[in-house]
Amino acid sequence: MTSMRSFSLKGRLVIGISLLLALILSILPLPELIAPFRPDWLLVTLIYWTIALPHRANVGTAFFSGLMLDLLLGSVLGVHALALVIPVYLAASQFQRMRNYSVWQQAFVVGALAILNKVLIFWAAYVNRDIQLDYHYFWSIVSSMVFWPWIFLLLRKCRRQFALS
């Protein structure tokens, strides 16, 4: 029983640290020229863990992570939580199918989920304040797709090294 408990703690710790790093990368200041290209680190990390270990990382994890991102960014509470919950739910509902895709095919699915995420965030911002859509807003979708294979390989290596299942 104690080995199972330590295993569970180890798994939660690894996932928690990776999500914490994704949160830090999401708020890290970048030069104005590069900032529109920042990948959606938290979304991509959540998608990986949802596909790899759906019983450990799921919609609840996405909701809590989204609330933390809302607090860190100072945005309306619940906006990022909602924008993360819906794509993560879709990834969780199709995790077996996504596991069978190649990494490059998964990158396109991640791109589609990132589009959904961005549209939900824009919609919530538009409802709260009358804002205009800028074409720079969607560059992060492309960078999320480009970074997906490397994030996938890095997190898979962590999962295998710590023997998480």
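The values are calculated or read from the model by the stated rules, or taken from the named source; none is laboratory data. All figures in this text were calculated on a predicted structure; none of them were measured in a lab. Note that we place each Cβ from the backbone using ideal geometry, even for glycine, and neighbour counts take in every protein chain shown.
If you filter region 8-21 down to residues that are without any contact (Cβ under 8 Å) to a residue 40 or more places away in the chain and small (Gly, Ala, Ser), you find that the one that is nearest to Val44 (Cα to Cα) is Gly16.
Whether any residue in region 99-109 is of a type in the set (Gly, Ala, Ser), under 20 Å from Ile15 (Cα atoms) and either in contact with a helix residue (DSSP H, G or I) (Cβ under 8 Å, 6 or more places away or on another chain) or surrounded by 16 or more Cβ atoms within 10 Å (Cβ to Cβ) (or both) is what I want to check. The answer is no, given that none of the residues of region 99-109 is of a type in the set (Gly, Ala, Ser), under 20 Å from Ile15 (Cα atoms) and either in contact with a helix residue (DSSP H, G or I) (Cβ under 8 Å, 6 or more places away or on another chain) or surrounded by 16 or more Cβ atoms within 10 Å (Cβ to Cβ) (or both). Regarding Ala92, is this residue in a helix (DSSP H, G or I), without any contact (Cβ under 8 Å) to a residue 60 or more places away in the chain and small (Gly, Ala, Ser)? For Ala92, the condition - in a helix (DSSP H, G or I), without any contact (Cβ under 8 Å) to a residue 60 or more places away in the chain and small (Gly, Ala, Ser) - is met. The set of residues in region 123-137 that are of a type outside the set (Gly, Ala, Ser), modelled with pLDDT under 90 and part of a helix (DSSP H, G or I) comprises Tyr126, Val127, Asn128, Tyr135, His136, Tyr137. Evaluation of Leu67 against the conditions (1) surrounded by fewer than 16 Cβ atoms within 10 Å (Cβ to Cβ); (2) free of Cβ contacts under 8 Å to residues at least 40 places away in the same chain; (3) not polar (S, T, N, Q) shows that the sole unmet condition is (1). Would it be correct to say that Leu154 is out of contact with any strand residue (DSSP E or B) (no Cβ under 8 Å at 6 or more places or on another chain), without any contact (Cβ under 8 Å) to a residue 60 or more places away in the chain and under 20 Å from Ala22 (Cβ atoms)? Yes, satisfied.
Condition check for Leu20 on (1) of a type in the set (A, V, I, L, M); (2) over 14 Å from the mean Cα position of the chain (by Cα); (3) outside any loop (DSSP other than H, G, I, E, B): one failure, at (2). For region 142-154, indicate whether the set of residues that are hydroxyl-bearing (Ser, Thr, Tyr), exposed (fewer than 13 other Cβ atoms within 10 Å of the Cβ) and part of a helix (DSSP H, G or I) is non-empty. No: zero hits. Of the residues making up region 76-96, those that are closer than 22 Å to Ala124 by Cβ, surrounded by fewer than 17 Cβ atoms within 10 Å (Cβ to Cβ) and more than 13 Å from the chain's Cα centre (by Cα) are Val76, Leu77, Gly78.
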